[in-house]
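The values are calculated or read from the model by the stated rules, or taken from the named source; none is laboratory data. Not measured: the values here are computed from a predicted model. Cβ sites come from the backbone with ideal geometry, for glycine too, and all protein chains shown count toward neighbours.
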Amino acid sequence: MDALITAFLEKSNWGSSSRTQLAGDASSRQYERLTRFDGTAILMIDPDPKVVKKFLNVTDILQTAGYSAPTVLASDIASGLVLLEDFGNDLFAWLLTEGADEETLYELATNFLVDLSNQERPTGLPYFSSNYVLDQNTMFLDWYVPKVTDKALPDNARFFFQQIWRQLLKNLEDDKEGLLLRDFHAENLVYLPDRDGLKALGILDYQDAMTGPAAYDLVSLLQDARRDVSPEIAGKMLDRYIAKSGVDETEFRRMYAILGAHRALRIMGIFTRLADRDNKPRYLEFMPRMIAHLQTNLTHPDLLALKYWITVSIGKLS
């Protein structure tokens, strides 16, 4: 791989740059910051050419809509290499730890999601269907449940769990479909103060994008796995989205709770797998936050059956 990277950088006129490893995510994807005399760039390294191709496609979709996705300076899909514009270090997550105004940043991100919901649904992306949700829910059943109960989940309990979810999702396909960025949270958003309006929001890591219900990205933003969003701000931003988008409030809050519960269950399963299979125990540090998000979503009256299933099948979440 080193030889491929060297050749790619030479061809892109970045061969003389210095390379600094950047913090990655839970995937096998890697990032490096390249520095040369006239500036910096970001090198994305992904072993899956299909993911790279999709990333480039979504980049084009976002830029065509007028949003700040990083400019692609060069790419080699077969080698899994992309050279990107460097948005700098002003991630929301970092700015917030340094005392930036939480409401200002989350208002910008919420306004972006409202605008995104008004865009035409893109084609060629996977669909966030009820079958997809049911499949992703198995992450919770296969990894988290056996871990906390110290035994495999009985077949009848698994069956009832899926039946509950089929009932919850029976109207999912009725919702207006739009672009879902999926990992829309403080560590993937950059503040670009030299740009106006929604362009001040730099967007990263959207290679898992799909089409589906808009509530999912708002959940990703406000029920962050890695940082606590103040309840006051989360409530204000949910109210703001509903008011500015014109969605049916009752149905949107219902779907927000359902998708929030799904996302929490899925992530709890993923974090357990990362810790147990991939020897990455640091992800367990985020588990209490995801359990809290799940419990908040379970207060919605339509999720009473799911709440009861968890109580009977698992007991106390931990």
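Here are the numbers:
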{"read-out": "Counted residues, the range 68-85 - those being over 20 Å from Ser28 (Cβ atoms) and surrounded by fewer than 17 Cβ atoms within 10 Å (Cβ to Cβ)", "value": "4"}
{"read-out": "Hits in the range 119-156 - residues which are hydroxyl-bearing (Ser, Thr, Tyr) and surrounded by 15 or more Cβ atoms within 10 Å (Cβ to Cβ)", "value": "Ser129, Ser130, Tyr132, Thr138, Tyr144"}
{"read-out": "Candidates Phe160, Phe140, Phe184, Phe112 - the one that is modelled with pLDDT of 95 or more and in contact with a Gly (Cβ under 8 Å, 6 or more places away or on another chain)", "value": "Phe140"}
{"read-out": "Failed condition for Leu204, given (1) in contact (Cβ under 8 Å) with a residue 24 or more places away in the chain; (2) under 18 Å from Ala292 (Cβ atoms); (3) not β-branched (Val, Ile, Thr)", "value": "(2)"}
{"read-out": "Residue list for the range 163-201, filter: polar (S, T, N, Q), surrounded by fewer than 15 Cβ atoms within 10 Å (Cβ to Cβ) and not in a loop (DSSP other than H, G, I, E, B)", "value": "Gln163, Gln167"}
{"read-out": "Number of positions in the range 60-78 that are under 18 Å from Phe184 (Cβ atoms) and in contact (Cβ under 8 Å) with a residue 40 or more places away in the chain", "value": "8"}
{"read-out": "Meets criteria (touching a strand residue (DSSP E or B) at 6+ places or on another chain (Cβ under 7 Å), farther than 30 Å from Pro213 by Cβ and either surrounded by fewer than 16 Cβ atoms within 10 Å (Cβ to Cβ) or β-branched (Val, Ile, Thr) (or both)) for Gly88", "value": "yes"}
{"read-out": "Residue within the range 170-181 that is more than 24 Å from Glu251 (Cβ to Cβ), among the hydrophobic types (A, V, I, L, M, F, W, C) and in contact with a helix residue (DSSP H, G or I) (Cβ under 9 Å, 6 or more places away or on another chain) present", "value": "no"}
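The rows are residues; the columns are (1) surrounded by fewer than 18 Cβ atoms within 10 Å (Cβ to Cβ); (2) assigned by TED's automatic domain parsing to the domain that holds Gly124; (3) of a type outside the set (Ser, Thr, Tyr); (4) in a helix (DSSP H, G or I).
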| position | (1), (2), (3), (4) |
| --- | --- |
| Leu9 | no, no, yes, yes |
| Asn13 | yes, no, yes, no |
| Ser28 | yes, no, no, no |
| Ile61 | no, no, yes, yes |
| Gly66 | yes, no, yes, no |
